[in-house]
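The values are calculated or read from the model by the stated rules, or taken from the named source; none is laboratory data. Keep in mind the model is a prediction, meaning the values are calculated, not measured. Don't worry about glycine lacking a Cβ; one is built from the backbone with ideal geometry, like all the others, and counts go over all protein chains shown. Areas reflect the complete protein model, heavy atoms only, side chains present, ligands, DNA and RNA absent. Shrake-Rupley method; radii C 1.70, N 1.55, O 1.52, S 1.80 Å.
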Amino acid sequence: MSLAIAGMGWVTPLGNGVDPVWDRLLHGDEASVTAISEQFGDRSYSAFRVPESSLTGSTHPRLRRASVISRFAAAAGLEALEAAGLKADSQNARRIALIFAISNGGVVYTKRFYRDVVEMGAQSASPLLFPETVFNAPASHLAAILGVTGTTYTLVGDGAVGLLAIKMAEDVMTDESLDYCLIVGTEEVDWLLCDAYRRWRLLRSAPPIEPFSKQKRGMILSEGAGAILLARLSRSGAAEAEDGPITIEHAHPGGCYGKRGAADEILMQMLRDLSQTEIDIVISSANGTFIDQAEQRALEHVIPDAIVYTAKPALGESVGASGLWQVILGAQALRYGELPPVLHADPNISLRLSLSRMPLAEARKAIVLSSGVNQQVAGLRLAIH
């Protein structure tokens, strides 16, 4: 079953709104870095954070005490519905499924809750904080705002979780009582999260992120949200108002690797399955870690002629949100027939990178590769009709 992208929403360190963020990427802009420190830590970390101005419209009473991760998710999800011209009233809400892609959850609220327990005892821990520590808190908030009382899932994973959520959406949409599925991936950044990735030797101390570098210096974490509203082709709404709908032609389940070397084999098989037709663009998940070389080897072996783009040097590694950000990038590239420049890449790399703003007016197919650092790999193929 082919599903069309009816609407998209985007909250990033470069601002919010699909077209405004896309325009900044086309002009080669890069997010500003913020230093994050901790009272009880001896290190500070660099991160790309969402500007406060990007959330000025998130004024729903439900979000007054909600964590920032829930506010990101609500802003992106509501933008996707608005882009599709879909109003979530009492009748429509019953026909919308909701799937959330989460990786690290509400890190800030979790830390605050348990710090109060450790410092002052269990009786001092605020009950207002605890609901935001659970992984499905953002889904709960957005479902309440939209009035969705039916199918709602929260999928937990690594950087590949967004694409796995889209694969789940295909199964969910076999239910004829549903017209739409809203998929939201969201992430927040905190000192504790940065410290964990440093201990795993995946984080670099300061920008830039250097994609496909042999040095593997690491990534910079970022935050935000991405949302994709999927509909059956007959109900794709806003997608049909453009030159043609952008569809999820093939969502691949990918696989899990126990050792880093095994990621190559999974990636190559997945690319073979997704490239049964001619592929014009690949949206890579290269972020400065070991996954860059795994994706590079697979691409060179299977589809060496495709143009490759990664936005993580500009936007950072958003983990739970990253897969849906990549789908938005692929959809925008097909819709507008061009790619932004890949920042901070070695011009001598063997892949066909879009090292400068590149027109691709004839591009019809794109593959999105999502390789998580915690052993998950997934992919999908987009097409414009």
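Just one of Leu178, Leu229 is more than 19 Å from Val368 (Cα to Cα), in contact with a helix residue (DSSP H, G or I) (Cβ under 8 Å, 6 or more places away or on another chain) and open to solvent by less than 40 Å² (accessible area, probe 1.4 Å); which is it?
Numbers: Leu229 fails: more than 19 Å from Val368 (Cα to Cα).
Selected residue: Leu178, the only one of Leu178, Leu229 that is more than 19 Å from Val368 (Cα to Cα), in contact with a helix residue (DSSP H, G or I) (Cβ under 8 Å, 6 or more places away or on another chain) and open to solvent by less than 40 Å² (accessible area, probe 1.4 Å).
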Worksheet, complete the sentence: Over the stretch 174-223, the set of residues within 17 Å of the chain's Cα centre (by Cα) and among the small types (Gly, Ala, Ser) is Gly185, Ser222
Discussion item. Suppose the filter is open to solvent by less than 30 Å² (accessible area, probe 1.4 Å) and either in contact with a Phe, Trp or Tyr (Cβ under 8 Å, 6 or more places away or on another chain) or not charged (D, E, K, R) (or both); does Pro341 pass it?
Written reply: yes
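Can you give me the number of residues within the stretch 1-36 that are assigned to a strand (DSSP E or B) and either among the hydrophobic types (A, V, I, L, M, F, W, C) or surrounded by fewer than 24 Cβ atoms within 10 Å (Cβ to Cβ) (or both)? If you could, list the steps in order and put the result at the bottom.
So the first thing to find is which residues in the stretch 1-36 are assigned to a strand (DSSP E or B), and the list is 3-12, 15-16, 33-36.
Right, trim to either among the hydrophobic types (A, V, I, L, M, F, W, C) or surrounded by fewer than 24 Cβ atoms within 10 Å (Cβ to Cβ) (or both) and you get 3-6, 8, 10-11, 15, 33-36.
Matching residues across the stretch 1-36 total 12.
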Worksheet entry | Residue within the stretch 141-150 that is surrounded by fewer than 18 Cβ atoms within 10 Å (Cβ to Cβ), among the β-branched types (Val, Ile, Thr), more than 14 Å from the chain's Cα centre (by Cα) and at pLDDT 90 or above present | no
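When you go through Thr174, Thr186 one by one, which is the residue that is under 30 Å from Arg112 (Cβ atoms) and touching a residue at least 60 places away in the same chain (Cβ under 8 Å)?
Working: Thr174 fails: under 30 Å from Arg112 (Cβ atoms).
From the options Thr174, Thr186, the qualifying one is Thr186.
Quick check, is Asp116 acidic (Asp, Glu) and surrounded by fewer than 13 Cβ atoms within 10 Å (Cβ to Cβ)? Before you say what the answer is, go through the steps one by one.
Numbers: acidic (Asp, Glu): yes; surrounded by fewer than 13 Cβ atoms within 10 Å (Cβ to Cβ): no.
Judged against the criteria, Asp116 is not a match.
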Worksheet item: Which members of the stretch 346-382 meet the condition of being open to solvent by 20 Å² or more (accessible area, probe 1.4 Å), in a loop (DSSP other than H, G, I, E, B), touching a residue at least 12 places away in the same chain (Cβ under 8 Å) and of a type outside the set (Val, Ile, Thr)?
Response: Asp346, Ser350, Leu355, Ser356, Arg357, Leu360, Ala361, Glu362, Arg364, Asn374, Gln375
Worksheet item: Quick one: in the stretch 169-190, which of the residues that are hydrophobic (A, V, I, L, M, F, W, C) and not in a loop (DSSP other than H, G, I, E, B) is farthest from Phe40 (Cα to Cα)?
Response: Val172
Worksheet item: Got at least one residue in the stretch 87-98 being in a loop (DSSP other than H, G, I, E, B) and open to solvent by less than 20 Å² (accessible area, probe 1.4 Å)?
Response: no
Worksheet item: Of the residues in the stretch 37-54, how many are in contact (Cβ under 8 Å) with a residue 40 or more places away in the chain, within 18 Å of Glu187 (Cβ to Cβ) and either of a type outside the set (A, V, I, L, M) or open to solvent by less than 10 Å² (accessible area, probe 1.4 Å) (or both)?
Response: 6
